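*Asks:* One structure, pasted below without further comment.
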Number of protein chains: 2
Amino acid sequence: MSTFHAIIPAGGAGTRLWPLSRRSRPKFLLDLEGTGRTLIQQTWDRMLPLTSAENIHVVSGAAHGSAIAEQLPELVNLLLEPSPRDSMPAIGLAAAIIERADPDAVVGSFAADHRIPDPERFAEAVREAITVAEQGYVVTIGISPTEPSTAFGYIESADPLAGFASARAVRTFVEKPDEQTARDYLASGDFVWNAGMFVARASVLLDSLARFQPELAAGLRAIAATWGKPTFVAELGRSWPSLAKIAIDHAVAEPLAAEGGMAVVPATFGWDDLGDFASIAPLGSSPDVLWVDADGVARGEEGVQIAVLGLRNVAVVQTPDAVLVLDLAQSQRVKEIVGRLPELERDDLL
Amino acid sequence: MSTFHAIIPAGGAGTRLWPLSRRSRPKFLLDLEGTGRTLIQQTWDRMLPLTSAENIHVVSGAAHGSAIAEQLPELVNLLLEPSPRDSMPAIGLAAAIIERADPDAVVGSFAADHRIPDPERFAEAVREAITVAEQGYVVTIGISPTEPSTAFGYIESADPLAGFASARAVRTFVEKPDEQTARDYLASGDFVWNAGMFVARASVLLDSLARFQPELAAGLRAIAATWGKPTFVAELGRSWPSLAKIAIDHAVAEPLAAEGGMAVVPATFGWDDLGDFASIAPLGSSPDVLWVDADGVARGEEGVQIAVLGLRNVAVVQTPDAVLVLDLAQSQRVKEIVGRLPELERDDLL
C-alpha cells in the first residue's frame with residue numbers, strides 16, 4: 001500500500017466570524033467548540049490515525065507561521081507561502097515536494113478549519129479514497145447534503161466504480177447553486193457537497209495539472225526541486241508571485257471530471273465548515289450567559305457577563321475591542337460589517 | 001422675598017439601566033448624555049440660577065459621599081444618610097436643618113437623576129412655585145404629559161389659584177395608573193405627571209408633616225437641632241433607623257391635598273426621568289457604532305467597536321465586565337436580569 005501524506009492548507013480569514021476571527025487570528029487558529037483544541041489542532045488530530053506526524057504538511061501564509069508552530073508542536077513540514085495564490089499552488093507545491101521523494105505516494109488535502117465530529121467515519125472515508133486514488137483517480141470526498149444549501153459547490157456523481165464500497169465516478173462539479181437548483185440537487189440524490197477534500201497519487205495530481213495548467217505545474221515542480229536546499233527560499237520568493245492564482249477545483253477537478261478521471265467517495269460523517277455564526281450556534285454559548293425570553297448564541301471573554309433580553313435567534317459576540325450583535329438569519333452579511341471598518345479608521349480590528 | 005434653598009435627594013440605583021448603573025455607581029453619577037456633565041452635575045447647574053451654592057443641599061447614601069463630593073467640588077451641604085429611608089426623611093431632615101436657621105426659607109426638592117433640557121423654563125416654573133409657596137402652600141411642579149404613560153403617578157388639578165400665572169389647586173395625587181386610566185387622564189387635560197418636585201416654606205413643610213406624621217417630624221427636628229454640633233453624627237446614627245420609611249407623596253402631599261393645602265404649577269419644559277434604555281435611546285449612541293439594517297441605541301467604552309446587524313429597536317450596552325442586549329420595547333424588564341445575577345454568583349456586577 002502506498003504511503004499517505006496529508007496536506008493541510010490553512011488559509012482564509014473567516015471574515016464572517018468577525019470579531020472572533022481576525023486577519024492575524026484566522027478561524028483555523030480558534031477553539032470555536034471550547035474543547036481546548038483549535039480547528040487546526042483538531043484537523044491534525046484527525047490525520048494521525050491515517051499517517052505519521054512527519055507525513056503531515058501544513059501550507060499557510062507567512063504571517064501565521066509562528067502561531068501554527070506553537071499550536072502544532074509535532075509539525076515537521078510547514079510550508080509558508082510568500083503571498084496567497086489560492087488552493088492549487090498551495091496544495092500543488094506540497095504535492096510536488098512529496099512527489100520528488102515518493103512519486104507513488106498518495107496525498108490528501110483537507111482544510112484546516114472544518115469541523116468533523118466523527119473522526120472514525122472520516123478516516124474510513126479517507127481510507128476508501130486512498131484505495132481509489134491508487135487506481136489512478138483524483139478522488140474527492142463529497143458530503144451528503146442535509147439541506148438545500150446555497151453556500152457550497154456541489155458534485156454530481158455518475159455510476160458506481162466497480163470494486164469499491166461506495167465510490168462513484170464524478171459527472172461534474174457545479175458552483176454554488178441558487179435555492180431552487182439546490183432543492184433539485186437534494187431531491188435527485190446524485191449530488192454531494194464539495195468540501196474541498198481531494199485525494200490522489202502525487203504524480204497523478206501533478207501530471208493532470210501539467211496537462212491543464214502546464215506553466216503552473218512546471219513552476220511548482222521547479223520550486224519543489226530546490227526543497228531541502230539552501231536555494232529554496234530564494235526560488236520560492238522568485239517564482240511564487242508569477243504562479244497562476246487558481247483553485248484546485250478549477251485547475252484540476254473540473255476539467256478532469258469531464259475526462260472521467262475524477263471519483264467521489266460520498267461521506268456520511270457530519271461536517272461543517274463553520275462558515276458563519278449560524279453554524280457556530282449549535283456548538284453552544286460561553287458559560288453563564290443570561291437569556292431572558294431570548295435565544296441564540298453568545299460568545300464572550302471569561303468574566304464578562306453577557307445578558308440578552310427579549311430577542312430570538314441572535315448572536316452576541318464580545319471581544320476586548322469589539323462587540324457584534326446580529327440576527328442569526330443574516331449571518332452571511334457579517335462581512336459587510338468588516339467591509340465598513342476601514343471607513344471608521346478601525347483597520348486595527350480587521 | 002424669602003431665601004430659597006434647593007434640596008437634591010440623590011438616591012435610587014437605576015436598576016433598569018444596568019450594566020451602566022450599578023449599586024456603587026448609581027444613575028445620578030452617570031453622564032448619560034455624553035455632555036461631560038453627569039446627571040447630578042446637571043441638577044446642580046440647574047439650581048445655580050435660583051440660589052447660591054451654599055444654599056444647595058445634597059442628601060444621599062453614605063456609600064456615595066466621596067463620589068458626590070468629587071463631582072460637585074463647590075458643594076457645602078452634603079447630608080449622608082446612615083441607611084435609605086425613602087424620600088420624606090431625606091428631604092425632611094434637610095428642610096429641618098434649613099428651618100432652624102431660617103424658618104421662612106422656601107425649600108425645593110428636585111431629584112438628582114432627571115433630565116431637563118431647558119433649564120430656563122425650569123427656573124421660571126420654580127420661581128412661580130416659590131411665590132405660591134410664600135402664600136403657605138406646599139407646591140408641586142407637575143409635568144404636562146406627552147403620552148398616556150403608566151410609569152408615573154399623576155396629579156389632578158382643580159381651580160386656578162387667583163393671582164398666579166398658572167398655579168392651580170391640587171385635587172388629588174394618584175398612583176401609577178393602568179393604560180386605559182392613563183389615556184383618560186391625558187384626554188381630560190386636568191392631570192400632570194408627578195415628577196417628585198416639591199416647593200414649600202421649610203416651616204410649612206415640617207408643620208404639615210407634624211400633623212400627619214408627628215413622630216417623624218419630631219425625630220427630624222431633634223436630629224436637626226444637633227446640626228453643626230459635635231453630637232450630630234451620633235444623634236443621626238441613633239435616631240435615623242427608627243424613623244418611618246415613607247415617601248413625601250404619602251407623608252405630606254396626599255393628605256395635604258385632601259385639605260386643599262397643595263398647589264401645582266404645570267410645567268411645559270421637557271422632562272425625562274431616564275428610567276430605562278427606551279428613554280436613553282433618544283439621547284443617542286456612542287460614536288462610531290455600526291448599524292447595518294439595524295437601529296436602536298448602543299453604548300460602549302471608548303475604543304470598543306460596537307456593530308449591529310439586522311436587528312431593529314435594540315439596545316446594546318457594553319461595559320468592561322458585562323454586555324447587555326435587549327429589545328427596547330422590553331426595557332422595563334432589565335431588572336429581571338439584575339435579579340438573576342446572584343444565582344450566577346455575580347454579585348460583583350450589581
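The values are calculated or read from the model by the stated rules, or taken from the named source; none is laboratory data. A quick note: this is a predicted structure, and the numbers were derived from the prediction, not measured. As a convention, Cβ positions derive from the backbone with ideal geometry for all residues, glycine included, and neighbour counts pool all protein chains shown.
*Asks:* Conditions first: (1) within 22 Å of A:ASP276 (Cα to Cα); (2) buried (at least 18 other Cβ atoms within 10 Å of the Cβ); (3) touching a residue at least 60 places away in the same chain (Cβ under 8 Å); (4) among the aliphatic types (A, V, I, L, M). A:ILE248 passes all but one, so which condition is the exception?
*Replies:* (1)
*Asks:* Here is a follow-up. Show the residue pairs that are 6+ apart or on different chains and have beta-carbon atoms under 6 Å apart, the first residue being within segment A:68-93 and modelled with pLDDT of 95 or more and of a type in the set (D, E, K, R), the second being part of a helix (DSSP H, G or I) and surrounded by fewer than 18 Cβ atoms within 10 Å (Cβ to Cβ).
*Replies:* As it stands, the answer is A:GLU74/A:ALA53, since those pairs meet every condition given.
*Asks:* Moving on to the next point. For segment A:282-295, what are the residues that are in a loop (DSSP other than H, G, I, E, B) and of a type outside the set (Gly, Ala, Ser)? First the steps, then the outcome.
*Replies:* So in segment A:282-295, the residues in a loop (DSSP other than H, G, I, E, B) come out as A:284-289, A:293-295.
Selection gives A:PRO287, A:ASP288, A:VAL289, A:ASP293, A:ASP295.
*Asks:* Give the residue, chosen from B:LEU326, B:LEU274, B:LEU311, that is within 14 Å of chain A (Cβ to nearest Cβ), of a type in the set (A, V, I, L, M, F, W, C), out of contact with any Ser or Thr (no Cβ under 8 Å at 6 or more places or on another chain) and assigned to a loop (DSSP other than H, G, I, E, B).
*Replies:* B:LEU311
*Asks:* Looking at segment A:296-308, which of its residues are more than 7 Å from every other protein chain (Cβ to nearest Cβ), touching a strand residue (DSSP E or B) at 6+ places or on another chain (Cβ under 8 Å) and part of a loop (DSSP other than H, G, I, E, B)?
*Replies:* So the first thing to find is which residues in segment A:296-308 are more than 7 Å from every other protein chain (Cβ to nearest Cβ), and the list is A:296-299, A:301-302.
Adding the requirement that they be touching a strand residue (DSSP E or B) at 6+ places or on another chain (Cβ under 8 Å) leaves A:296-299, A:301.
A:GLU301, the sole residue that qualifies.
*Asks:* For segment B:334-350, how many residues meet the condition of being facing chain A (nearest Cβ under 7 Å) and more than 17 Å from A:LEU311 (Cα to Cα)?
*Replies:* Going through segment B:334-350, the residues facing chain A (nearest Cβ under 7 Å) turn out to be B:334, B:336-337, B:340, B:344, B:346, B:349.
From what is left, the residues that are more than 17 Å from A:LEU311 (Cα to Cα) are B:340, B:344, B:346, B:349.
Residues that pass the stated criteria total 4.
*Asks:* Among the residues of segment A:78-85, is any in contact with a Lys or Arg (Cβ under 8 Å, 6 or more places away or on another chain) and acidic (Asp, Glu)?
*Replies:* Checked against the condition, which is being in contact with a Lys or Arg (Cβ under 8 Å, 6 or more places away or on another chain) and acidic (Asp, Glu), segment A:78-85 yields no hits at all.
*Asks:* Residue check: is A:LEU243 crowded, with 19+ Cβ neighbours inside 10 Å and within 12 Å of another protein chain (Cβ to nearest Cβ)? Quick ask: steps written out before the conclusion?
*Replies:* Working: crowded, with 19+ Cβ neighbours inside 10 Å: yes; within 12 Å of another protein chain (Cβ to nearest Cβ): no.
For A:LEU243, the condition - crowded, with 19+ Cβ neighbours inside 10 Å and within 12 Å of another protein chain (Cβ to nearest Cβ) - is not met.
*Asks:* Take segment A:267-320 and flag every residue that is touching a Phe, Trp or Tyr at 6+ places or on another chain (Cβ under 6 Å) and surrounded by 18 or more Cβ atoms within 10 Å (Cβ to Cβ).
*Replies:* Initially, segment A:267-320 is screened for residues touching a Phe, Trp or Tyr at 6+ places or on another chain (Cβ under 6 Å), giving A:269, A:308, A:315.
Listed by number, the residues that qualify are A:VAL308, A:ALA315.
*Asks:* Test B:PHE212 against the criterion of being more than 25 Å from the chain's Cα centre (by Cα) and surrounded by 16 or more Cβ atoms within 10 Å (Cβ to Cβ), and give yes or no.
*Replies:* On the way: more than 25 Å from the chain's Cα centre (by Cα): no; surrounded by 16 or more Cβ atoms within 10 Å (Cβ to Cβ): yes.
No: the conditions fail for B:PHE212.
*Asks:* Identify the residue in segment A:1-51 that is among the β-branched types (Val, Ile, Thr) and in a helix (DSSP H, G or I) and, among all such residues, is surrounded by the most Cβ atoms within 10 Å (Cβ to Cβ). Let's see the steps before the verdict.
*Replies:* Here is the first cut: in segment A:1-51, the residues among the β-branched types (Val, Ile, Thr) are A:3, A:7-8, A:15, A:35, A:38, A:40, A:43, A:51.
Now narrow it down to the ones that are in a helix (DSSP H, G or I): A:15, A:40, A:43.
Values: A:THR15: 20, A:ILE40: 26, A:THR43: 24.
Across segment A:1-51, the extreme among qualifying residues is A:ILE40.
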